[in-house]
Amino acid sequence: MTSTLRLAGLTRFGQVNLTEDDVRLVDVGFWTDIWQRAHLQAVLLNCGGIMAYHPTRLPGHPVATGVDERDLFGELVGAARGLGIEVVGRLDVGVVDQRFRDLHPEWMMVDAEGRSRTLNDVTGGNWGQPGGHRLENEMYYTCINSGLFTEYLPALLSEVAESYDIAGFFTNGFPTVALATPSTRMVCHCARCRELWASFSGHDEFPTADDPASPVFREYVRFLQAASLERLRELRAHTRSLAPGLSFTTSAIPSLSGGLPWTEWVAELDLLACDNQDRSSDYGRSAPSHSLWEVGLSSEVLRSVSAGRPALRVQSTARLRGGGRHSSKEPAELRLQMAEALAHGELPVWHAVSGKQYSRRWIDGVVEFDAWLAGAADAVTGRRSLADVGVVWSQASTWVQDWGVALPGPAFAHAVSGWHLALSRRRLPAQLILADGTESFEQVATLVLPSALVLDAGAVERITAFAAAGGGLIVCGTAGMTDQWGVPHDGDPIAALVGVDRRPPAADGYDLVSYLHVGTDPLVKRLLPELEEDELVVGGNWLVPFTTAARTGLVWNRSEHMIPTHAAGLPPASTQPTLALSEPKGRRVFLATDLDARYFVHRAGDHRDVLAGIAEWTLDPSGPSVVVRGDGRVDVRSWYTPTGIAIAVVNLDNPGANDEPVESFRPTGPLSVRVPGVDRARVGLRRQGADVEVVPGGDGVTFTIDTVVDFELATIETVSSGEDA
């Protein structure tokens, strides 16, 4: 990324997603008032794809009614540029409606019989069906190797860039492989794909099943990724050729299952965009409830792949759960969602559907947030994560579960979510790290390998080197036993790092309920200090049997018979521990049961205490880099800035933060913040707009945040002995 990019360094973005009726309905002054009050720096506006809002010259491009009399896109661009606001042209090209498909059937993905592939064909979803989202008409997936992407879209980019003063383009829903686990549902049999596939693979045989043992299927996964990269490179190069400083980016829904080759993909982008628009991308989930902290989790996913590039989070102003696109989120809810994204490394982009707003209560909160951010931009640009614990993840961990070849065990997404939540609840500085990404393991003190994690050979080597250098390590269940195709690693090197010899659970090894004996181990007593040694806590659903010469604890016990009641005595305990602790060079832990996944699903406090407690043990004796004490439920994230350290505190101690939408704020505090390793510093609370007293003492400084209403951002600037603190 170069300094000549027009979007470089910007922090405040909005998006107006135009609809077909807007040409006759939009009041441009309505939007310029919002943009001015919010001190907006860039706005995303629809310019083409499914529908054009300017008088396009491209033959066969659908246009909104009335565009021949009113160039709505042009009016909005002119108004924004008149205020000094950059404009990004938004495109919809990945999924199109029946009208577009009928105009250009040759651009659609097709099955072996030549039928156009629908949205549900490719995603396995239920759009337009009972229980699914309503559709005006059938939706279809376009083929990324078709003329739509190689000819038509470049022509559209040229037309828009030559006619309007814009800073770049943003595409929605591209590429297909970004949206879900690579699958034969994504196979396209069009003539161009057959030609490219034959050239790539050396044969014309397509995979017929999601079978990672098949060389043909493996090769097709690589083909999907390679073809997507090729289109991105072509479109980016074309955009750069149109005018100096233009950017081209795509929407991603960074989840734990998408199929993008992130390292190569990110290298082609100037900035990234996340299209998770509500608390969770798993909109259809009924349990556990959707919580505000999940915004931070999905933001962490994108931050972990961004390689330091700016990351945008598109957040709907509409209430998506139990609402529609013309509704409005509760203002307090939207503000906390934006704060969570900002705290976890993303720049919030508010997204309003329709230029005519029928529910406007979201506006003032967004204006206030962005206006505040204008005065705090220095603290959120050029930042580097400050974390002690890195939770390792890989897309392939979900792939092998979707393909049906994973070892028996919990859902990988549940395990990652459980670790993220447990560490957040304990306020330990933590982050996600992509196993096969470019982010260094050495920036953290401890690595966590969640249950069901699969690792390629390169990641195993990196983790081995990290442990050899003295890094802390926590291995859960079957983590690292198999590679990205579900094949066991020879000798199980990850188990060797924590001093155990393990075997996977039996396929029928799921236990609805189990127990763990507290016992006499000192660490277990530290983890669960209120319990006596003869007491039990609820265990996990899956147990990975192991043997070890290391110190052990938390012996497994199967549950009682639930029915009939007279049979509900406790069965005898096994001799199988679930915890192994060793200190060969750095502290290492093996956790044989899936408390991480179970904590996400059931939120048992004992599971949180065990997970966070063993992470804290691996950080001893130095302890965490940031310590926050005080009552209330807050999410604490920290990072390095060019001049020091920033600490974000998001108030999740609000009614509704873990279930229904937040309607009001409940202030929390005071909070005592200690930063070891800093001798003298100036501390400003950027949300309150005030400096606070800093108390030096020992190896570090301490300050107090008296109250947090919605969120607070503390900036810590280190000073030399000759300066005033």
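Among the residues of the stretch 691-702, count how many are closer than 23 Å to L373 by Cα and open to solvent by less than 40 Å² (accessible area, probe 1.4 Å).
Qualifying residue count, the stretch 691-702: 1.
So E533 passes all but one of these: (1) charged (D, E, K, R); (2) open to solvent by 40 Å² or more (accessible area, probe 1.4 Å); (3) closer than 21 Å to R426 by Cα; (4) touching a residue at least 12 places away in the same chain (Cβ under 8 Å). Which condition number does it fail?
(3)
What residue, of R603, R588, R637, R598, is on the phi > 0 side of the Ramachandran plot, charged (D, E, K, R) and in contact (Cβ under 8 Å) with a residue 12 or more places away in the chain?
Going through R603, R588, R637, R598 in turn, just one is on the phi > 0 side of the Ramachandran plot, charged (D, E, K, R) and in contact (Cβ under 8 Å) with a residue 12 or more places away in the chain: R603.
Exactly one of these conditions fails for G355: (1) of a type outside the set (F, W, Y); (2) open to solvent by less than 10 Å² (accessible area, probe 1.4 Å); (3) within 30 Å of Q443 (Cβ to Cβ); (4) in contact with a helix residue (DSSP H, G or I) (Cβ under 6 Å, 6 or more places away or on another chain). Give me its number.
(3)
Got at least one residue in the stretch 13-21 being under 32 Å from the mean Cα position of the chain (by Cα), closer than 22 Å to G82 by Cβ and β-branched (V, I, T)?
Among the residues of the stretch 13-21, at least one is under 32 Å from the mean Cα position of the chain (by Cα), closer than 22 Å to G82 by Cβ and β-branched (V, I, T), which makes the answer yes.
Results for (1) open to solvent by 10 Å² or more (accessible area, probe 1.4 Å); (2) closer than 27 Å to P429 by Cβ; (3) in the same structural domain as D436 (by the TED database); (4) not in a helix (DSSP H, G or I), shown as yes or no for each residue.
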| position | (1), (2), (3), (4) |
| --- | --- |
| R303 | yes, yes, no, no |
| A307 | yes, yes, no, yes |
| A318 | no, no, no, yes |
| R321 | yes, no, no, yes |
| G324 | yes, no, no, yes |
| Q337 | no, yes, no, no |
| E340 | no, yes, no, no |
| G345 | yes, yes, no, yes |
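Any idea which residue in the stretch 373-388 is nearest to R686 (Cα to Cα), counting only those that are of a type outside the set (D, E) and surrounded by 17 or more Cβ atoms within 10 Å (Cβ to Cβ)?
Per the criteria, the residue is A376.
Of all residues in the stretch 624-636, which are in a strand (DSSP E or B), of a type in the set (D, E, K, R) and over 18 Å from G677 (Cβ atoms)?
The one that is in a strand (DSSP E or B), of a type in the set (D, E, K, R) and over 18 Å from G677 (Cβ atoms): D635.
Closer than 26 Å to L232 by Cα and assigned to a loop (DSSP other than H, G, I, E, B): does that describe H39?
It is false that H39 is closer than 26 Å to L232 by Cα and assigned to a loop (DSSP other than H, G, I, E, B).
Restricting attention to the stretch 9-19, which residues are open to solvent by 10 Å² or more (accessible area, probe 1.4 Å) and among the polar types (S, T, N, Q)?
N17, T19
Which of the residues spanning the stretch 601-637 are polar (S, T, N, Q) and modelled with pLDDT of 95 or more?
T618, S625
Can you confirm whether the stretch 354-367 contains a residue that is within 20 Å of G14 (Cβ to Cβ), among the β-branched types (V, I, T) and under 19 Å from the mean Cα position of the chain (by Cα)?
no
Please verify whether the stretch 588-603 includes one or more residues that are among the polar types (S, T, N, Q), within 30 Å of A468 (Cβ to Cβ) and open to solvent by 10 Å² or more (accessible area, probe 1.4 Å).
no
Just checking, which of S291, S257 is in a loop (DSSP other than H, G, I, E, B) and within 11 Å of the chain's Cα centre (by Cα)?
Going through S291, S257 in turn, just one is in a loop (DSSP other than H, G, I, E, B) and within 11 Å of the chain's Cα centre (by Cα): S257.
Could you check H561 against (1) open to solvent by 50 Å² or more (accessible area, probe 1.4 Å); (2) at pLDDT 95 or above and say which number it fails?
Single failed check for H561: (2).
Looking only at residues that are part of a loop (DSSP other than H, G, I, E, B) and out of contact with any helix residue (DSSP H, G or I) (no Cβ under 9 Å at 6 or more places or on another chain) in the stretch 145-187, which one is farthest from G89 (Cα to Cα)?
For the stretch 145-187, the residue satisfying everything is G173.
With the structure loaded, tell me whether G125 is assigned to a strand (DSSP E or B) and among the small types (G, A, S) or whether it fails that test.
For G125, the condition - assigned to a strand (DSSP E or B) and among the small types (G, A, S) - is not met.
So the check is Cβ under 7 Å with 6+ separation or different chains; which pairs have a first residue in the stretch 612-634 that's within 13 Å of A387 (Cα to Cα) and a second one that's among the polar types (S, T, N, Q) and open to solvent by less than 10 Å² (accessible area, probe 1.4 Å)?
Going by the 7 Å Cβ cut-off, the qualifying pairs are A615/T446; L619/T446.
Quick check, is L58 aliphatic (A, V, I, L, M) and modelled with pLDDT of 95 or more?
In short, no.
Which residue is modelled with the highest pLDDT, if the candidates are limited to the stretch 273-301 and must be more than 13 Å from A341 (Cα to Cα), open to solvent by less than 20 Å² (accessible area, probe 1.4 Å) and out of contact with any Lys or Arg (no Cβ under 6 Å at 6 or more places or on another chain)?
S291
Tell me which residues, restricted to the stretch 512-567, are among the hydrophobic types (A, V, I, L, M, F, W, C) and more than 19 Å from Y599 (Cβ to Cβ).
Answer for the stretch 512-567, where residues must be among the hydrophobic types (A, V, I, L, M, F, W, C) and more than 19 Å from Y599 (Cβ to Cβ): F546, A549, A550, V555, M562, I563, A567.
Taking E333 as meeting all but one of (1) surrounded by fewer than 22 Cβ atoms within 10 Å (Cβ to Cβ); (2) within 21 Å of D659 (Cα to Cα); (3) of a type in the set (D, E, K, R); (4) touching a residue at least 40 places away in the same chain (Cβ under 8 Å), write down the number of the exception.
(1)
Output the residues belonging to the stretch 20-45 that are closer than 18 Å to R90 by Cα and buried (at least 19 other Cβ atoms within 10 Å of the Cβ).
D22, V23, V26, W31, W35, L40, Q41, A42, V43, L44, L45 - these are the residues of the stretch 20-45 that are closer than 18 Å to R90 by Cα and buried (at least 19 other Cβ atoms within 10 Å of the Cβ).
Residue-by-condition table, conditions (1) touching a residue at least 40 places away in the same chain (Cβ under 8 Å); (2) within 21 Å of T641 (Cβ to Cβ); (3) not assigned by the TED database to the domain that holds W485:
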site	(1), (2), (3)
R360	no, no, yes
V366	yes, no, yes
D402	yes, no, no
V405	yes, no, no
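If we scan the stretch 477-497, do we find a residue that is hydroxyl-bearing (S, T, Y) and either open to solvent by less than 40 Å² (accessible area, probe 1.4 Å) or outside the structural domain of E560 (by the TED database) (or both)?
yes
Somewhere in the stretch 416-425, is a residue farther than 18 Å from V610 by Cα, among the aromatic types (F, W, Y) and not in a strand (DSSP E or B)?
No, there is no match, as no residue in the stretch 416-425 is farther than 18 Å from V610 by Cα, among the aromatic types (F, W, Y) and not in a strand (DSSP E or B).
Please identify the pairs in which a residue from the stretch 428-440 that is farther than 19 Å from G258 by Cα and outside any strand (DSSP E or B) has its Cβ atom under 6 Å from the Cβ atom of a residue that is open to solvent by less than 20 Å² (accessible area, probe 1.4 Å) and of a type in the set (D, E, K, R), counting only partners at least 6 apart or on another chain.
Correct list of pairs: P429/D388.
Looking only at the stretch 50-86, count how many residues are in a loop (DSSP other than H, G, I, E, B) and either in contact with a helix residue (DSSP H, G or I) (Cβ under 8 Å, 6 or more places away or on another chain) or not small (G, A, S) (or both).
Total meeting the criteria: 22.
The values are calculated or read from the model by the stated rules, or taken from the named source; none is laboratory data. Since the model is a prediction, treat every value here as computed from it, not as a measurement. FYI the Cβ positions are ideal-geometry reconstructions off the backbone, even for glycines, and counts take in every protein chain you see. These accessible areas exclude ligands, DNA and RNA; they are computed on the full protein's heavy atoms, side chains included. Shrake-Rupley method; radii C 1.70, N 1.55, O 1.52, S 1.80 Å.
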